[in-house]
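Chemist: Here it is, the structure in full.
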Amino acid sequence: MDIISIVIGLLPGAVAGAVGANIMLKKSSQQKANHFLEDAKAEAEVVKKDKILQAKEKFLQLKSEHEKTINEKNNKMTQAENRIRQKEESLNKKLKSANQQESDYNRKQSRLNERLLVLEEKEKELTKVHAEHVQKLEQVSNLSAEEAKAEMTEALKEEARTNAMALIQEMTEEAKINANKEAKKIVIQTIQRVATEHAIENSVSVFNIESDDVKGRIIGREGRNIRALEAATGVEIIVDDTPEAIILSCFDPVRREIARLSLHQLVTDGRIHPAKIEEVVAKTQKRIEEEIVEVGKRTAIDLGIHGLHPELLRMVGRMKYRSSYGQNLLQHSREVANLCATMASELGLNTKVAKRAGLLHDIGKVPDDEPELPHAILGMKIAEKHGEKADVCNAIGAHHDEIEMTSMISPLVQVCDAISGARPGARREVVESYIQRLKDLESLAMSHAGVEKAYAIQAGRELRVMVDCDKIDDKQASELSYKISTKIQEEMTYPGQVKVTLIRETRAVSYAK
């Protein structure tokens, strides 16, 4: 009972305490909520101000861009208006000029019509006077105009027939006298037109490599490999920035070929050092010498020449690696040999001796020692040393007039040598001398009276001359063409022949309106 009484006594106090605590808790929560609400309002106010500022900045930016776009469009419109205005002014000027030209044309046309009327009146008067004159002549001569014309025509026909017969007789006699000469000339010109292969030799060869890494191996450590190669071959080797290429420079084509083949073998083998270089160069030299002898033998067999001394065969083979003014010496000698044989058969001479002399005429250009003698004299001495006949030796020594010609083969070799060298495209010319020759040809033609223009064409092998038709008639044109060709022959030096074509033209121009 006491415990229950105590509990009942304490219960109101506990209830009152709980109610008080609840009230206190509600007040504390209310205060916190109010505080959070105030903080949220302050933060919202800050965010609102930031958004307003950003919106204003964006507005100002868009406004600036809009104004810039409008200004650009205004500028373009202004420029377009200026261009249109300028075009309009230009069109107005052209229209004004066209109107002025049209008025000038109308005035000229009216003046021309007046002149035509005057000319027609004068033509009528002239016709009338001519008719009166013809009538008076008919009365004096007791012949009509047609009868007089017929008699004059008949007399002119008879005179022309007489002159033509005399000219034909003269030309026939001249043709008979010059028949053999013209026949030989035709043969020579026909042979001259036969073209054979020819190679252009230089003093430089290019050796192609697969990559630039090979250049370092060719040079070697401190350049020992390239020095050994230059010493063994006598060729200057140029290794520069040219991609995938090495330049071999030497005036001796045989040495240059030995260096090229040796370099090719060394690069292919991959082992490049001084000892290997000397071994490869020695083998290549031996192989080239064998090839030279083989080329000489094959050339002699192809041409049907027998009994040549082995040393002469070797010199013929060396011609393959020599050139004269860009013309391969072996091809030139073979061509001269064939020309000599053909011309000798036409002239009734010994074709075998002529072919032999033609092949050997330039052997003085390929000796090993090359003494201080003209190549024709040196070639003659070499041929005498190796047992060639006197006719062949004389032809070799006299083909440049160093000695007197003593056989019919000698002038034949000289002529065929000139034909082979003068053939179009056979030899290179220095550009300056070529241009100067063309200028000299044109200047020579322009020095004659009545010449209006002159053009050197066909690489200087033809000269076209234009003359004034009022100053030069048909007969004078033929004489002038002959004078120009004669003067060229006397004053100038040129390969082959130069054709002079003189053109005289009369033009009558009128307009139909």
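The values are calculated or read from the model by the stated rules, or taken from the named source; none is laboratory data. Source: prediction; values computed, not measured. Reconstructed Cβ throughout: ideal geometry from the backbone, glycine too, with neighbour counts over all protein chains shown. Each accessible area value is taken on the protein alone, full model and side chains, heavy atoms only, with ligands, DNA and RNA left out. Shrake-Rupley method; radii C 1.70, N 1.55, O 1.52, S 1.80 Å.
Chemist: Considering each residue of the range 290-311, count those that are under 27 Å from residue 232 (Cα atoms) and touching a residue at least 24 places away in the same chain (Cβ under 8 Å), and give that number.
Modeler: Number satisfying all stated conditions: 5.
Chemist: Further question: Exactly one condition in (1) modelled with pLDDT under 80; (2) open to solvent by 10 Å² or more (accessible area, probe 1.4 Å); (3) closer than 19 Å to residue 323 by Cα is false for residue 260; which is it?
Modeler: With (1) modelled with pLDDT under 80; (2) open to solvent by 10 Å² or more (accessible area, probe 1.4 Å); (3) closer than 19 Å to residue 323 by Cα applied to residue 260, the lone miss is (1).
Chemist: Continuing with the same structure: Report, ordered by the first and then the second residue, all pairs with beta carbons closer than 9 Å, sequence separation of six or more or different chains, a first member in the range 104-122 that is more than 17 Å from residue 512 (Cα to Cα), and a second member that is open to solvent by 70 Å² or more (accessible area, probe 1.4 Å) and of a type in the set (D, E, K, R).
Modeler: Within 9 Å, no pair qualifies.
Chemist: While we're here: Starting from the range 449-473, take each residue that is touching a residue at least 12 places away in the same chain (Cβ under 8 Å) and under 17 Å from residue 483 (Cα atoms) and list its partners that are part of a strand (DSSP E or B) and polar (S, T, N, Q), counting only C-beta distances under 9 angstrom and pairs at least six apart or across chains.
Modeler: From residues that are touching a residue at least 12 places away in the same chain (Cβ under 8 Å) and under 17 Å from residue 483 (Cα atoms), the pairs are 462/501; 463/501; 464/501; 465/501.
Chemist: I've got another one for you. Name the single residue, out of those in the range 336-367 being of a type in the set (Lys, Arg) and more than 19 Å from residue 323 (Cα to Cα), that is surrounded by the fewest Cβ atoms within 10 Å (Cβ to Cβ).
Modeler: 352
Chemist: Could you please tell me which pairs satisfy a Cβ distance under 9 Å, a separation of 6+ or placement on different chains, a first residue in the range 325-347 that is among the basic types (Lys, Arg), and a second residue that is part of a helix (DSSP H, G or I) and surrounded by fewer than 23 Cβ atoms within 10 Å (Cβ to Cβ)?
Modeler: Once the first residue is among the basic types (Lys, Arg) and sits in the range 325-347, its partners that are part of a helix (DSSP H, G or I) and surrounded by fewer than 23 Cβ atoms within 10 Å (Cβ to Cβ) give 334/299; 334/302; 334/303.
Chemist: So, of the residues in the range 281-318 that are polar (S, T, N, Q) and farther than 21 Å from residue 392 by Cβ, which turns out to be surrounded by the fewest Cβ atoms within 10 Å (Cβ to Cβ)?
Modeler: In this case the residue turns out to be 285.
Chemist: Collect the residues in the range 100-115 that are of a type outside the set (Gly, Ala, Ser) and open to solvent by less than 80 Å² (accessible area, probe 1.4 Å), keeping them in residue-number order.
Modeler: Selection gives 104, 109, 112, 113.
Chemist: Still on this structure, I have one more. For residues that are crowded, with 16+ Cβ neighbours inside 10 Å and at pLDDT below 85, tally how many sit in the range 462-475.
Modeler: 2
Chemist: For the range 427-461, which residues satisfy the criterion of being in a helix (DSSP H, G or I), modelled with pLDDT of 75 or more, out of contact with any helix residue (DSSP H, G or I) (no Cβ under 7 Å at 6 or more places or on another chain) and of a type in the set (A, V, I, L, M)?
Modeler: Within the range 427-461, 435, 446 qualify.
Chemist: Does the range 375-389 contain at least one residue that is open to solvent by 50 Å² or more (accessible area, probe 1.4 Å), touching a residue at least 40 places away in the same chain (Cβ under 8 Å) and either of a type in the set (Gly, Ala, Ser) or out of contact with any His (no Cβ under 9 Å at 6 or more places or on another chain) (or both)?
Modeler: Looking through the range 375-389, at least one residue is open to solvent by 50 Å² or more (accessible area, probe 1.4 Å), touching a residue at least 40 places away in the same chain (Cβ under 8 Å) and either of a type in the set (Gly, Ala, Ser) or out of contact with any His (no Cβ under 9 Å at 6 or more places or on another chain) (or both).
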